[in-house]
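The values are calculated or read from the model by the stated rules, or taken from the named source; none is laboratory data. Because the structure is a prediction, the values reported are computed rather than measured. Cβ atoms come from the backbone with ideal geometry, glycine included; neighbour counts cover every protein chain shown.
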Amino acid sequence: MVFYSMIQANYDQLLERISRLSSLTKEELERRIDAKRAKLSGLISKEGAAQIVAAELGVNFENQRMKISELLMGLRKANVLGKILKIEPVRNFKKGEREGKIGVLRVADETGSIRVVLWDTNHISLIEKKEIGEGDVVEINAASVRGLGEKELHLSSTSNISKSDVKLTISESASNQMLSQLNDGIQKPIAEAQINERIRANATLIRFFEPRFFTTCPECNIKIVQQGEHFYCSTHGNVIPQYKAIMTVVFDDGTDNIRSVLFDDAISQLLNIEKGDISKLKDSAFLTQKKLELLGKDFFVSGRVRLNKLFNDPEMIISDLQEANPDELIKQLSA
């Protein structure tokens, strides 16, 4: 896997930021981070240990403008400057008695891109009135960094997004590459995949683990936990939870194998069930039969490669998979 240099670059950026905000040298921080990892028996990445050390030092990443690659999951007040690569059509949603709109942008800087989700009508009206558009540079303030498979910026009524006069240069080739990865991913061997890259591959399913379950907010799909008798979302308050599943499998394309994580759509595609059919996923006999059917089969898989911080290994968040048939494989091999 060609991913170490990118992981190290992100870690070095985090280390430099903590050093600047704490007035400690990088060497002293490294000693504290190594000690923290040793205390936790190595069951945490360097980046994760660095975040714990930062918290112990009173370093607050909130209200600091950050590069997209520096954003940390769980930040409540993240500030970012980025160029809008893509705006999706505004959608209406209805969950129970609640109705509303949702806007989605893809924003990028020179370090990467991120999905931006707008919930506030004032922010969404900027899209509807064409006051912001693709190619514009925008300043985003007080956004929350969330997401299940991929980091996202969520803007609430206390957040802000506005057009900026700051010049942000992203080459056309880099923009096109980001958009291409968003749409389909890059066709390449698993062994050549890099962290944060979206790829397509033809691979064989070699391991299959039973699903795990969790609860999310029905409005924003953010993972939530029960507090007393209620389930609480930091954005939408007390909610009736929706139950979700997560599955882990391993794919091998002959050049390498990769742990792969599946959520709603990908699970239904793999197991050929209705999306959200939790009862089937809790049926051990059904899962045993599916494992026998699917192990050893070839699939066309698409997804984003990320770093599993616990094991410090790459994994792929699957966005689409289809069982490969011989004719398609022959076409691909002869292309």
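Within the range 233-259, how many residues turn out to be under 30 Å from Glu192 (Cα atoms) and not small (Gly, Ala, Ser)?
13
Evaluate the following for Ile273: is it closer than 30 Å to Ile190 by Cβ, under 23 Å from the mean Cα position of the chain (by Cα) and not small (Gly, Ala, Ser)?
no
Please list, ordered by first then second residue, the pairs with beta carbon atoms under 6 Å, 6 or more apart or interchain, first in the range 47-63 and assigned by TED's automatic domain parsing to the domain that holds Ser22 and at pLDDT 85 or above, second surrounded by fewer than 16 Cβ atoms within 10 Å (Cβ to Cβ) and part of a loop (DSSP other than H, G, I, E, B).
From residues that are assigned by TED's automatic domain parsing to the domain that holds Ser22 and at pLDDT 85 or above, there are no pairs.
Right, Glu88: within 30 Å of Leu15 (Cβ to Cβ), surrounded by fewer than 16 Cβ atoms within 10 Å (Cβ to Cβ), without any contact (Cβ under 8 Å) to a residue 40 or more places away in the chain and among the charged types (D, E, K, R) or not?
No, not satisfied.
Just to verify a result, which residue in the range 250-263, among those that are without any contact (Cβ under 8 Å) to a residue 60 or more places away in the chain and under 18 Å from the mean Cα position of the chain (by Cα), is surrounded by the fewest Cβ atoms within 10 Å (Cβ to Cβ)?
Arg259
Against the definition (modelled with pLDDT of 85 or more and surrounded by 14 or more Cβ atoms within 10 Å (Cβ to Cβ)), how does Ile240 come out, yes or no?
Taking the combined requirement at face value, the residue does not satisfy it.
Select from the range 183-242 the residues that are outside any strand (DSSP E or B), under 15 Å from Ile317 (Cβ atoms) and among the hydrophobic types (A, V, I, L, M, F, W, C) and write down the one among them that is farthest from the chain's Cα centre (by Cα).
Only one residue tops the list, namely Ile190.
For Glu47, all conditions in the list (1) surrounded by 15 or more Cβ atoms within 10 Å (Cβ to Cβ); (2) in contact with a Pro (Cβ under 9 Å, 6 or more places away or on another chain) hold save one; what is the number of the exception?
Going through the list (1) surrounded by 15 or more Cβ atoms within 10 Å (Cβ to Cβ); (2) in contact with a Pro (Cβ under 9 Å, 6 or more places away or on another chain), Glu47 breaks only (2).
Answer yes or no as to whether Phe208 is more than 21 Å from Lys151 (Cα to Cα) and outside the structural domain of Thr111 (by TED's automatic domain parsing).
Spelling it out, Phe208 is indeed more than 21 Å from Lys151 (Cα to Cα) and outside the structural domain of Thr111 (by TED's automatic domain parsing).
Results for (1) over 30 Å from Glu134 (Cβ atoms); (2) modelled with pLDDT under 85; (3) acidic (Asp, Glu); (4) not assigned by TED's automatic domain parsing to the domain that holds Asp283, shown as yes or no for each residue.
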| residue | (1), (2), (3), (4) |
| --- | --- |
| Met178 | no, yes, no, yes |
| Ile195 | no, yes, no, no |
| Arg198 | no, yes, no, no |
| Cys220 | no, yes, no, no |
| Val225 | yes, yes, no, no |
| Ala245 | yes, no, no, no |
| Asn257 | yes, no, no, no |
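Scanning for something over 24 Å from Glu150 (Cα atoms), touching a strand residue (DSSP E or B) at 6+ places or on another chain (Cβ under 8 Å) and not aliphatic (A, V, I, L, M), does the range 259-268 turn up at least one residue?
No: the range 259-268 contains no residue that is over 24 Å from Glu150 (Cα atoms), touching a strand residue (DSSP E or B) at 6+ places or on another chain (Cβ under 8 Å) and not aliphatic (A, V, I, L, M).
Within the group Glu56, Glu62, Glu70, which residue is within 30 Å of Ala35 (Cα to Cα), touching a helix residue (DSSP H, G or I) at 6+ places or on another chain (Cβ under 7 Å) and acidic (Asp, Glu)?
Glu70
So, of the residues in the range 91-111 that are out of contact with any Gly (no Cβ under 7 Å at 6 or more places or on another chain), within 27 Å of Phe61 (Cβ to Cβ) and touching a residue at least 40 places away in the same chain (Cβ under 8 Å), which turns out to be surrounded by the most Cβ atoms within 10 Å (Cβ to Cβ)?
The qualifying residue surrounded by the most Cβ atoms within 10 Å (Cβ to Cβ) is Arg106.
Among the listed residues Gly135, Gly147, identify the single one that is of a type outside the set (D, E, K, R), within 22 Å of Thr169 (Cα to Cα) and out of contact with any strand residue (DSSP E or B) (no Cβ under 6 Å at 6 or more places or on another chain).
Every option except Gly135 fails the conditions.
Enumerate the strands (runs of 3 or more DSSP E) found wholly within the range 43-129, keeping only those where 3 or more residues are over 20 Å from the mean Cα position of the chain (by Cα).
It comes to 91-95, 98-109.
Please go through the range 112-135 and give me each residue that is more than 16 Å from Met73 (Cα to Cα) and surrounded by 17 or more Cβ atoms within 10 Å (Cβ to Cβ), ordered by number.
Leu118, Trp119, Asp120, His123, Ile124, Leu126, Ile127, Ile132
Which numbered condition in (1) surrounded by 12 or more Cβ atoms within 10 Å (Cβ to Cβ); (2) farther than 23 Å from Ile195 by Cα; (3) not aromatic (Phe, Trp, Tyr) is the only one that Glu56 fails?
Only one criterion is unmet by Glu56, namely (1).
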